[in-house]
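Report on the following structure.
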Amino acid sequence: MNIELDRDHILGGLAEIWTEWSDWAEGLTEGDWATPSRCPGWTVQDNLAHIIGTERMLRGETAPDVEFPTDHLKNAIASGNEQWVESMRSMSGAEVLADFRTVSAQRLEHLRGHDRRGDPEGWLVTRGRGAVPPVHACAGLRLVAAPRGLSGTAGSPALNWWSTSRDGGR
């Protein structure tokens, strides 16, 4: 099976949803950041920290060594996610947002600059761990916006892009 990926289309969608996240989160109060999301045990801030941690992991970074409860975790991926999230819980929401802006800009720069010669699709796979598509960030935004009575990505061009770009829109 030969799967062709439109690099510019994918990176454009990723940049778009990350911008939506950043714009949506601008001006949140600390109370807003502490709002429980639809992910049990995670707040709005935790969801954004999760995206930061995932992008750092895809860059090959190791999560900080922090203590966190593990009795509810089912696998190593869940443990890694929780470790990244826990490492950012002492930060303010504004600090997490600033970190997100830095990490997302760095990831886009890296992905856009990846040399594809001899590895045409490898730019999407980082350090053998696979890629996190824009739908990951779209879903995260929906998980945090709804409990605050907001639509999040409703009508989002990035989410619309993702839903119509998979399997030719089928």
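Every number in this text was worked out from the coordinates using simple rules, so none of it is lab data. What you see is a predicted model; the values in this text were computed from it and never measured. No Cβ is skipped: glycine too gets one built from the backbone with ideal geometry, and neighbour counts run over all protein chains shown.
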Cut-off under 5 Å, modelled amide H: who pairs with residue 43 long-range: 37
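Taking only C-alpha pairs under 8 Å that are 6+ residues apart, what is the relative contact order of the range 1-102 in percent? Walk me through the intermediate numbers first.
Working: 74 pairs, mean separation 30.4, N = 102.
Dividing the mean separation by the residue count of the range 1-102 yields 30 percent.
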Of the trypsin sites (Lys or Arg not before Pro) in the range 74-108, those whose Cβ has at most 16 other Cβ within 10 Å and which sit in DSSP loop: 74, 89
